[in-house]
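The values are calculated or read from the model by the stated rules, or taken from the named source; none is laboratory data. All values derive from a computational prediction rather than experimental measurement. Don't worry about glycine lacking a Cβ; one is built from the backbone with ideal geometry, like all the others, and counts go over all protein chains shown.
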There are 2 protein chains.
Amino acid sequence: MPAKRPAVPLSHERIIEAALHIADGQGLRRLTMRRLGDALQVEAMAIYHHLPRGKEALMDALAEHVTAVTVEPSDGGWQEIARAWAHAGRSALLEHPGVLALALTKPPQGGALMAIREQAEQLAASGLGDAARAAQAVRTLRAYVMGSVAVEIQRSGWAAPTGGDEDEQALLPALASGGAEPPEEAAAAFERGLEALLRGLSRT
Amino acid sequence: MPAKRPAVPLSHERIIEAALHIADGQGLRRLTMRRLGDALQVEAMAIYHHLPRGKEALMDALAEHVTAVTVEPSDGGWQEIARAWAHAGRSALLEHPGVLALALTKPPQGGALMAIREQAEQLAASGLGDAARAAQAVRTLRAYVMGSVAVEIQRSGWAAPTGGDEDEQALLPALASGGAEPPEEAAAAFERGLEALLRGLSRT
DNA sequence: ACCTGAACACCGTTCAAGT
DNA sequence: ACCTGAACACCGTTCAAGT
């Protein structure tokens, strides 16, 4: 007769992966230790063996997962490097919209903190200016990236203006033709804002 | 003998106010229908009479509360108007850090949607350009404001580098002397980033 | 109209126990 | 070392009932 249950043993990575799948598919509020256990074919309590701080540790790990990005150092100018970081950051956040609230809210730890430091070092080394100037640029760029993804996710939840609801319809400006927005439009809007920001960062 | 309980009757506003107090003071995860009822000296189930969709309606209302800002139309240039909206938006979000995750994540509704439209109209009317240009500017500014507050809140939760934890300490760049940041520094960083963004928005 | 009480189907987490 | 089962103190929400 076949072995009973743990075809593949539990691991930190398998837990994170399953948790992301649930959060993205059903929403963060439905990510439950019991549901997570079910998805992993294990009793919920088994998870505590790998994540001793329980759900809090799980949340921390999820935030770090979508926020700890890496960018190969390049010999381009600082603007090119800034672009690379911005694109990498946006992609990582966008891949797992279900945990965006955590990513924007939890203090960066571990790999996320490393990413911030590396970004500052690369910008300073590529001619942006001294450490303080680079730190300010990183902060501003991070704010823009995180906020842009927030706007993008918010938009994907906008209700299309139903014919019957004239009240809502009157509120929708040119800026929002209403309803969900095609990904290319969101990407183009991100690009335009990023270029504006880089222009602003370069003058003084 | 005195009347029993409802010295002051329940109302939408009292509920929101109490909920914000709990979320800011103890965190969103501890904002519970039962705890909210306690704070209002009422059984939790009484809240459903004013918020028929229950906790979901409460969350929506909280997000709208910190996100539906107003700015008096002024005769300044578009940059001055953009500054006013950015400052108002940041202040409103910063006043209730406990519900930031909701504010950045829920699609804007009602007053929040009105705010977006008004901002676009004011910018277009004050010389920024046509409706499309104004819409792009609003989007970029909103992203920057929301992201900036996210960075600020994240920082307020940063652990100070304890002497014993050399690993974390090594990760903290010039950009993060470590530990919480004084509010004036956060405000100054916001201002510098905002000015860079406005510069970038004005060229082309 | 507004609020309560009891009930139901879930939660996170602990702890002793199994293998 | 890794997982289970039972238990505890909570959750959100429904529904009939009170005033």
Exercise. (1) surrounded by fewer than 18 Cβ atoms within 10 Å (Cβ to Cβ); (2) modelled with pLDDT of 95 or more; (3) away from DNA strand C (no atom under 16 Å from the Cβ): which one isn't true of B:PRO73, the others all being true?
Worked result: (2)
For this session: Please work out if B:ALA132 is without any contact (Cβ under 8 Å) to a residue 24 or more places away in the chain, within 16 Å of DNA strand C (Cβ to nearest atom) and surrounded by fewer than 18 Cβ atoms within 10 Å (Cβ to Cβ).
Result: no
Problem set entry | Odd one out for B:ASP24 among (1) within 13 Å of DNA strand D (Cβ to nearest atom); (2) within 14 Å of another protein chain (Cβ to nearest Cβ); (3) surrounded by 13 or more Cβ atoms within 10 Å (Cβ to Cβ); (4) not polar (S, T, N, Q) | (1)
For this session: Please indicate, with yes or no, whether at least one residue in segment B:5-16 is within 16 Å of DNA strand D (Cβ to nearest atom), among the charged types (D, E, K, R) and either in a helix (DSSP H, G or I) or within 14 Å of chain A (Cβ to nearest Cβ) (or both).
Result: no
For this session: From (1) within 22 Å of B:ARG29 (Cα to Cα); (2) free of Cβ contacts under 8 Å to residues at least 40 places away in the same chain; (3) within 16 Å of DNA strand C (Cβ to nearest atom); (4) of a type outside the set (Ser, Thr, Tyr), pick out the condition that doesn't hold for A:GLY98.
Result: (2)
Seminar exercise, completed: Of the listed residues (B:ALA68, B:ALA103, B:ALA120), the one being within 14 Å of chain A (Cβ to nearest Cβ), of a type in the set (Gly, Ala, Ser) and closer than 19 Å to B:GLN136 by Cβ is B:ALA120
Exercise. Taking helices (runs of 4 or more DSSP H) that fall entirely within segment A:32-146, which contain at least 1 residues that are within 16 Å of DNA strand D (Cβ to nearest atom)?
Worked result: A:33-39, A:55-65
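Residue-by-condition table, conditions (1) over 18 Å from the mean Cα position of the chain (by Cα); (2) more than 27 Å from B:GLU56 (Cα to Cα); (3) not β-branched (Val, Ile, Thr):
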position: A:PRO9; (1), (2), (3): yes, yes, yes
position: A:ARG14; (1), (2), (3): yes, yes, yes
position: A:THR32; (1), (2), (3): yes, no, no
position: A:ASP38; (1), (2), (3): yes, no, yes
position: A:ALA44; (1), (2), (3): yes, no, yes
position: A:THR70; (1), (2), (3): no, yes, no
For this session: Examine segment A:3-15 for a residue that is farther than 30 Å from A:ALA86 by Cβ and within 9 Å of DNA strand C (Cβ to nearest atom), and state whether such a residue exists.
Result: no
Seminar exercise, completed: Scanning segment B:30-50 for residues that are surrounded by 20 or more Cβ atoms within 10 Å (Cβ to Cβ) and away from chain A (no Cβ under 14 Å), the one farthest from DNA strand C (Cβ to nearest atom) turns out to be B:LEU36
Exercise. From B:ALA92, B:ALA86, which residue is closer than 27 Å to A:ARG155 by Cβ, crowded, with 21+ Cβ neighbours inside 10 Å and touching a residue at least 12 places away in the same chain (Cβ under 8 Å)?
Worked result: B:ALA86
Exercise. Looking only at segment B:101-124, which residues are more than 16 Å from the chain's Cα centre (by Cα) and without any contact (Cβ under 8 Å) to a residue 40 or more places away in the chain?
Worked result: B:ARG117, B:ALA120, B:GLU121, B:ALA124
Problem set entry | Condition met for A:GLY110 (on the phi > 0 side of the Ramachandran plot, modelled with pLDDT under 95 and either more than 8 Å from every other protein chain (Cβ to nearest Cβ) or surrounded by fewer than 20 Cβ atoms within 10 Å (Cβ to Cβ) (or both)) | no
Exercise. Only one of these conditions is not met by A:ALA3: (1) at pLDDT below 95; (2) under 23 Å from the mean Cα position of the chain (by Cα). Which number is it?
Worked result: (2)
For this session: Would you mind finding the one in A:ALA150, A:ALA143 that is within 9 Å of chain B (Cβ to nearest Cβ), within 15 Å of B:PRO107 (Cβ to Cβ) and at pLDDT 95 or above?
Result: A:ALA150
